[in-house]
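J.: Take a look at this one; I'll ask things after.
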Amino acid sequence: MTGDELTRTVVVALLAFWGVTGFLVCCAYAFWKFLGTACRSAAQALGPFRAGQSDPRVLTIGTEPAHPSYWPGQSWIDTTGAVGRSYRALWTRWRAHWMLTVAARLFRGRRPGTNRRGKNKLTRQTMRLVAPGTAVGATVAALHTAVLVVFCAFVALPWASWVLTVAVVRGAERGWLLLRRVRTVCPHPACHRPFPLAAHPCPQCRAVHTSLVPGRYGVFRHACRCGARLPSSLFAGRADVPAECPSCARPLPPSAGTTRVVHVPLIGASSSGKTMLVAAVVAGLRSWAERGNLTVEFASDADQQDGEALDREIDRNDWARKTQGDQRAWMIVVGKGRRRRLLYLYDPMGESLHRAGGVREQQYLAHADGVLLVVDVLADRTVRQSLSGADETLADGARPAARGPVDTYQGLTGELVSLTGGRGELPAAVVVTKRDVLDRIESLPAAGARVDEWLGDIGLGGLVRGVAHDFGAAGFWAVSASAATGHGALDSERRRAAEPVLWLLARTGLRVGDLVESRGRIPRQGGRTGTSRGGTSRIGASRIGVGRSSTKGQGVRRG
């Protein structure tokens with residue numbers, strides 16, 4: 001055997017010996033010691049385990065009064081803390097015990113446990129031969145504890161599932177709201193701000209939750225600081241939790257976050273009959289509901305109480321007092337089949353529409369889905385000049401509006417365009433009020449089935465043309481609110497009073513077009529044609545006959 005072969009044989013033998021030694025040290029002893037060290041360190045990092053002891057690693061409750069969910073943040077705090085402390089302990093044990101103590105003593109021919117020198121030269125030489133294998137075995141054993149990285153992967157799986165679940169639930173909820181075109185706006189005066197998510201007071205402690213959605217505080221439930229569990233999505237029942245506006249903290253109806261809102265402001269001068277018209281519309285919607293054509297309910301207890309109070313006032317006085325101060329919207333849920341709409345009827349003070357600045361303050365106009373123009377023709381100067389004698393007395397007894405309809409309309413249109421962003425497709429339902437009085441005035445021409453033509457005959461053709469130009473579609477009605485409300489209300493008049501609102505609701509996709517008389521069918525919406533191009537605007541064919549009032553001969557009441 002040559003020298004090179006002998007050297008190669010010795011090297012192979014030494015490597016085999018060190019490999020066997022390392023394997024025995026690793027599998028029989030070192031690996032289990034390292035694993036025990038890692039587990040103890042991880043357990044210490046996750047402690048303390050006694051209730052009542054403080055733990056600075058635990059996420060605390062912030063401005064949102066809910067406990068943070070475990071998976072988005074706390075799980076990684078615990079994982080990094082446990083794994084980091086385990087590896088620090090492993091490094092310390094490998095370096096201080098196995099390398100600087102056990103292996104170093106063996107290399108010097110000393111016993112690892114007692115540091116005593118070997119008894120003879122053979123023993124010391126054997127220790128030196130074992131030392132490299134021991135070092136390799138301890139190193140391999142320490143590296144095998146990379147199983148802790150697998151633990152991180154196992155933590156990542158439920159974390160990824162949590163993220164995916166949050167994304168799916170939030171996306172499904174958002175898609176459902178977009179599909180139904182649900183956009184919530186505060187109905188209260190001096191606010192009228194839109195918001196994507198309502199605030200929800202806790203039913204137990206009244207702490208306000210402003211982020212009650214699937215997210216860092218939970219997927220389906222949020223745990224309030226008081227211990228109550230609140231549903232965090234519409235699919236889990238969030239609509240059943242009381243809601244309030246996040247801006248003004250005033251209550252919202254339960255259906256505000258689940259039902260498409262239709263904003264309909266009533267535009268008319270003071271004493272034009274807006275409040276009476278609201279009462280007549282509500283009565284008409286109820287009449288249709290009694291016949292099984294609709295489902296109608298007040299959106300909240302406050303609306304129910306206001307409606308009952310208005311009914312009592314009309315029963316007692318035969319008319320309603322004009323609106324005083326700012327008033328929140330009347331909120332009524334109207335349904336047909338599976339479709340529902342949350343109707344916001346705004347009844348502002350007529351004085352607030354006299355000035356351009358007052359119109360700009362009516363922020364709800366920016367969200368309007370249609371406009372209900374309330375026209376009191378008895379307040380128009382041209383109409384009043386054509387009256388004489390008993391007719392003029394009748395007109396005075398009907399309490400004419402403080403401002404003519406043309407002046408009211410002209411003060412509205414410019415500001416309405418700026419508030420709504422110039423939406424030329426906005427529909428307008430024009431309602432002539434106090435029809436029971438108009439039917440008794442002989443000086444005016446007899447009204448036919450075309451209310452728009454009748455308005456032109458009495459000198460208000462400019463108003464008709466203005467509405468046709470400024471709105472994408474228009475409908476015209478004449479209504480006797482007094483015949484639709486109070487004692488002895490006529491069911492046909494009640495239903496007729498609701499038709500302008502039903503026409504506007506039908507344009508939002510609610511299938512109530514069949515409830516509007518064939519003479520007042522819903523026109524196809526067409527774009528507005530500017531006069532600079534020589535075009536004309538289309539007027540919707542929604543026309544209800546004025547006719548002679550069935551209340552003729554009774555006392556004059558405000559319509």
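The values are calculated or read from the model by the stated rules, or taken from the named source; none is laboratory data. Given the structure is predicted, the values throughout are model-derived calculations rather than measurements. Note that each Cβ is placed from the backbone with ideal geometry, even for glycine, and that neighbours are counted across all protein chains shown. Ligands, DNA and RNA are stripped out before the accessible areas are found, and what is left, the full protein with its side chains, is counted by its heavy atoms. Shrake-Rupley method; radii C 1.70, N 1.55, O 1.52, S 1.80 Å.
J.: How about region 140-153: which of its residues are touching a helix residue (DSSP H, G or I) at 6+ places or on another chain (Cβ under 9 Å) and open to solvent by less than 70 Å² (accessible area, probe 1.4 Å)?
T.: Answer for region 140-153, where residues must be touching a helix residue (DSSP H, G or I) at 6+ places or on another chain (Cβ under 9 Å) and open to solvent by less than 70 Å² (accessible area, probe 1.4 Å): Val140, Ala141, Ala142, Thr145, Leu148, Cys152.
Condition check ((1) at pLDDT 90 or above; (2) touching a Ser or Thr at 6+ places or on another chain (Cβ under 9 Å); (3) not acidic (Asp, Glu)) across all residues:
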| position | (1), (2), (3) |
| --- | --- |
| Thr145 | no, yes, yes |
| Leu148 | no, yes, yes |
| Val155 | no, yes, yes |
| Ala160 | yes, no, yes |
| Val169 | yes, yes, yes |
| Gly175 | yes, no, yes |
| Val185 | no, no, yes |
| Pro189 | no, no, yes |
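J.: Specify the residue that is modelled with the lowest pLDDT; the eligible residues are those in region 316-352 that are small (Gly, Ala, Ser) and part of a loop (DSSP other than H, G, I, E, B). Quick ask: steps written out before the conclusion?
T.: We begin by selecting, within region 316-352, every residue small (Gly, Ala, Ser); these are 320, 325, 329, 335, 337, 350, 352.
Remaining after also requiring part of a loop (DSSP other than H, G, I, E, B): 320, 325, 329, 337.
Values: Ala320: 61, Gly325: 50, Ala329: 82, Gly337: 89.
Top of the filtered list is Gly325.
J.: Here's another thing I want to ask about it. I'm checking my understanding of the structure. Among residues of region 403-440 that are at pLDDT 85 or above and of a type in the set (Gly, Ala, Ser), which one is farthest from the chain's Cα centre (by Cα)?
T.: Here the residue is Gly404.
J.: Now for a different question. How many residues are open to solvent by 20 Å² or more (accessible area, probe 1.4 Å), small (Gly, Ala, Ser) and either within 19 Å of Ser300 (Cβ to Cβ) or assigned to a strand (DSSP E or B) (or both) when one looks only at region 213-236?
T.: Going through region 213-236 one residue at a time, the tally reaches 1.
This table checks each residue for (1) among the small types (Gly, Ala, Ser); (2) in contact with a His (Cβ under 9 Å, 6 or more places away or on another chain); (3) open to solvent by less than 80 Å² (accessible area, probe 1.4 Å).
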| position | (1), (2), (3) |
| --- | --- |
| Gln44 | no, no, no |
| Gly47 | yes, no, yes |
| Pro56 | no, no, no |
| Gly62 | yes, no, yes |
| Trp76 | no, no, yes |
| Arg85 | no, no, no |
| Arg110 | no, no, yes |
| Gly113 | yes, no, yes |
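J.: Can you name the residue in region 261-315 that is in contact with a Pro (Cβ under 9 Å, 6 or more places away or on another chain), in a helix (DSSP H, G or I) and more than 14 Å from Val479 (Cα to Cα) and is also least open to solvent (accessible area, probe 1.4 Å) among such residues?
T.: Applying the filter and picking the extreme gives Asp303.
J.: Restricting to region 259-285, and then to whatever is modelled with pLDDT under 90 and of a type in the set (Val, Ile, Thr), can you tell me which residue is nearest to the chain's Cα centre (by Cα)?
T.: Within region 259-285, the match that is nearest to the chain's Cα centre (by Cα) is Ile267.
J.: Could you please give the count of residues in region 187-212 that are part of a loop (DSSP other than H, G, I, E, B) and open to solvent by 50 Å² or more (accessible area, probe 1.4 Å)?
T.: Here the count works out to 8.
J.: Something else now. From (1) without any contact (Cβ under 8 Å) to a residue 40 or more places away in the chain; (2) aliphatic (A, V, I, L, M); (3) within 25 Å of His188 (Cβ to Cβ), pick out the condition that doesn't hold for Leu277.
T.: Going through the list (1) without any contact (Cβ under 8 Å) to a residue 40 or more places away in the chain; (2) aliphatic (A, V, I, L, M); (3) within 25 Å of His188 (Cβ to Cβ), Leu277 breaks only (1).
J.: A follow-up question, please. How do the pairs read when you match residues in region 361-375 that are touching a residue at least 60 places away in the same chain (Cβ under 8 Å) with residues anywhere that are acidic (Asp, Glu) and in a helix (DSSP H, G or I), using Cβ under 9 Å and keeping only pairs 6 or more apart or on different chains?
T.: Gln362/Glu415; Leu365/Glu415
J.: Given region 443-559, what helices (runs of 4 or more DSSP H) lie entirely inside it while holding 1 or more residues that are at pLDDT below 80 and in contact with a Cys (Cβ under 9 Å, 6 or more places away or on another chain)?
T.: none
J.: What's the number of the condition Asp436 fails, among (1) over 29 Å from His192 (Cα atoms); (2) surrounded by fewer than 24 Cβ atoms within 10 Å (Cβ to Cβ); (3) not β-branched (Val, Ile, Thr)?
T.: (2)
J.: Looking at region 237-256, which of its residues are touching a residue at least 60 places away in the same chain (Cβ under 8 Å), open to solvent by 30 Å² or more (accessible area, probe 1.4 Å) and part of a helix (DSSP H, G or I)?
T.: Narrowing region 237-256 to residues touching a residue at least 60 places away in the same chain (Cβ under 8 Å): 247-248, 250, 252-253, 255-256.
Okay, now just the ones that are also open to solvent by 30 Å² or more (accessible area, probe 1.4 Å), so 247-248, 250.
Hits for region 237-256: nothing passes.
J.: Please find, within region 154-186, the residue that is surrounded by the most Cβ atoms within 10 Å (Cβ to Cβ) out of those that are charged (D, E, K, R) and assigned to a helix (DSSP H, G or I). Give the derivation first.
T.: Start the filter on region 154-186 by keeping residues that are charged (D, E, K, R), which leaves 170, 173-174, 180-181, 183.
Restricting the remaining residues to those that are assigned to a helix (DSSP H, G or I) gives 170, 173-174.
Working: Arg170: 16, Glu173: 18, Arg174: 12.
Filtering first and then ranking leaves Glu173.
J.: Which one of these is within 30 Å of Arg229 (Cβ to Cβ), modelled with pLDDT under 90, part of a helix (DSSP H, G or I) and under 60 Å from the mean Cα position of the chain (by Cα): Ile77, Ile61?
T.: Residue meeting the stated conditions: Ile77.
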